[in-house]
Amino acid sequence: MIESAEQAKKNSVYLNALKELLYQLADDDFIISFRGSEWLGLAPHIEEDVAFSSITQNTMGHAAMYYHLLEDLGEGEADAIAHDRKPEDRRNGIYLEKRNGEGTYLEEPYYDWALAVVRNYFYESFKKVKLEAIAESCSYKPLVQIVNKVLMEQTYHLAHWKLWVSQLQQAPKDAKERIENRVEEAWDEFGDVLQLGKYANEMVEQQLMISEDKLKEMWTKEISSVLVSYPEKPLGNKYGSGREGDHTADLDQAIKTFSEVYFSDKEAVW
């Protein structure tokens, strides 16, 4: 067990794999929580608005904890890591950066709730199996300690989206078709979320993470317990791999928006 950042820095192979894993964890949570924040005041009803806002706030907090672990490893200040990196330096899955729909939060937002439900359900199911694998066998103690805290909240996040998926699958024709169409779409785009990037082998060898194949197997088992049906074809990477630095114009738009205040005064203490 590696007890500290200083100990991790002594092994370059270990350090590179660890940093890659942390960037993936942080960037995934950061971008999906940003997309969640754009639903503030726009969710289907007031109770959902409160619940979704709470989930989004928690998830942003999870990202912040991972960014602080990267800060401990010498990657710079957490705020700068979150806001001041180019798209190609980010490691989030591409599907997670997808716009919520037409328009913007301030100008005629025409968002799709079916997309929000499917995306968050797919992601929280993935997050569950990935974090449980880390909690069970990861060799970096500071990460394990944080993951155990995150899992206490994440259980409720996943339950929330499970309920939405279950209800909408049994809804009248229009709502049901919207969910089915978004599941089909997600199946073509979610593949890179389940990847581990260029240090995948090292993550396994250094006992930081289980293999991609095992991760995919566990995730598929998780969603099959709720989805009435899902495509039998392999998961796709329609727009490339975010783990390798591939991204879309949607991420450019997101970065421009969420970094506006940060860039207004980089030296400010908030």
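Considering region 26-65, and only residues there that are outside any loop (DSSP other than H, G, I, E, B) and of a type in the set (D, E, K, R), the residue that is nearest to THR104 (Cα to Cα) turns out to be ARG35.
Of all residues in region 193-209, exactly one satisfies the criterion of being surrounded by 22 or more Cβ atoms within 10 Å (Cβ to Cβ) and among the β-branched types (Val, Ile, Thr), namely VAL193. Looking only at residues of region 167-187 that are among the acidic types (Asp, Glu) and surrounded by fewer than 16 Cβ atoms within 10 Å (Cβ to Cβ), we find that the one that is farthest from the chain's Cα centre (by Cα) is ASP174.
Identify all residues within region 66-82 that are part of a helix (DSSP H, G or I) and of a type in the set (A, V, I, L, M); write none if there are none. Those that are part of a helix (DSSP H, G or I) and of a type in the set (A, V, I, L, M): LEU69, LEU70, ALA78, ALA80, ILE81, ALA82. Restricting attention to region 1-59 and to residues that are among the acidic types (Asp, Glu) and under 18 Å from TYR156 (Cβ atoms), the residue that is surrounded by the most Cβ atoms within 10 Å (Cβ to Cβ) turns out to be ASP29. Filtering region 239-260 to residues that are free of Cβ contacts under 8 Å to residues at least 60 places away in the same chain and either closer than 28 Å to LYS176 by Cβ or of a type in the set (A, V, I, L, M, F, W, C) (or both) leaves only ALA249. Within region 95-120, being at pLDDT 95 or above, surrounded by fewer than 22 Cβ atoms within 10 Å (Cβ to Cβ), within 19 Å of the chain's Cα centre (by Cα) and closer than 18 Å to THR257 by Cα holds for LYS98, ARG99, ASN100. A single entry from ASN148, ASN92 fulfils the requirement of being modelled with pLDDT of 95 or more, over 17 Å from LEU196 (Cβ atoms) and either within 18 Å of the chain's Cα centre (by Cα) or of a type outside the set (Phe, Trp, Tyr) (or both): ASN148.
A single member of ALA78, ALA63 is within 14 Å of TYR262 (Cβ to Cβ), without any contact (Cβ under 8 Å) to a residue 60 or more places away in the chain and crowded, with 17+ Cβ neighbours inside 10 Å, and it is ALA78. Tell me yes or no: at least one residue of region 45-57 is in contact with an Asp or Glu (Cβ under 8 Å, 6 or more places away or on another chain) and either touching a residue at least 24 places away in the same chain (Cβ under 8 Å) or under 22 Å from GLU185 (Cβ atoms) (or both). No: region 45-57 contains no residue that is in contact with an Asp or Glu (Cβ under 8 Å, 6 or more places away or on another chain) and either touching a residue at least 24 places away in the same chain (Cβ under 8 Å) or under 22 Å from GLU185 (Cβ atoms) (or both). Taking the conditions (1) hydrophobic (A, V, I, L, M, F, W, C); (2) farther than 20 Å from LEU22 by Cβ; (3) in contact (Cβ under 8 Å) with a residue 60 or more places away in the chain in turn, LEU208 satisfies each one other than (2).
What do you reckon, is LYS256 surrounded by fewer than 17 Cβ atoms within 10 Å (Cβ to Cβ), under 26 Å from LEU143 (Cα atoms) and of a type outside the set (Val, Ile, Thr)? No; evaluated as a whole, the condition is false for this residue. Pick out, from region 83-193, the helices (runs of 4 or more DSSP H) lying fully within it that include 2 or more residues that are free of Cβ contacts under 8 Å to residues at least 60 places away in the same chain and within 23 Å of ARG243 (Cα to Cα). In region 83-193, 113-137, 141-169, 173-189 are the helices (runs of 4 or more DSSP H) which contain 2 or more residues that are free of Cβ contacts under 8 Å to residues at least 60 places away in the same chain and within 23 Å of ARG243 (Cα to Cα). Which members of region 213-229 meet the condition of being in contact with a helix residue (DSSP H, G or I) (Cβ under 6 Å, 6 or more places away or on another chain) and either surrounded by 14 or more Cβ atoms within 10 Å (Cβ to Cβ) or hydroxyl-bearing (Ser, Thr, Tyr) (or both)? Of everything in region 213-229, those that are in contact with a helix residue (DSSP H, G or I) (Cβ under 6 Å, 6 or more places away or on another chain) and either surrounded by 14 or more Cβ atoms within 10 Å (Cβ to Cβ) or hydroxyl-bearing (Ser, Thr, Tyr) (or both) turn out to be LEU215, LYS216, MET218, TRP219, GLU222, ILE223, VAL226. Any chance region 214-230 includes a residue that's over 21 Å from the mean Cα position of the chain (by Cα), free of Cβ contacts under 8 Å to residues at least 60 places away in the same chain and within 30 Å of LEU106 (Cα to Cα)? No, because not a single residue in region 214-230 is over 21 Å from the mean Cα position of the chain (by Cα), free of Cβ contacts under 8 Å to residues at least 60 places away in the same chain and within 30 Å of LEU106 (Cα to Cα).
The values are calculated or read from the model by the stated rules, or taken from the named source; none is laboratory data. What you are looking at is a predicted structure, and each value in this text was computed from that prediction instead of being measured. Backbone-built Cβ (ideal geometry, glycine too); neighbour counts: all protein chains shown.
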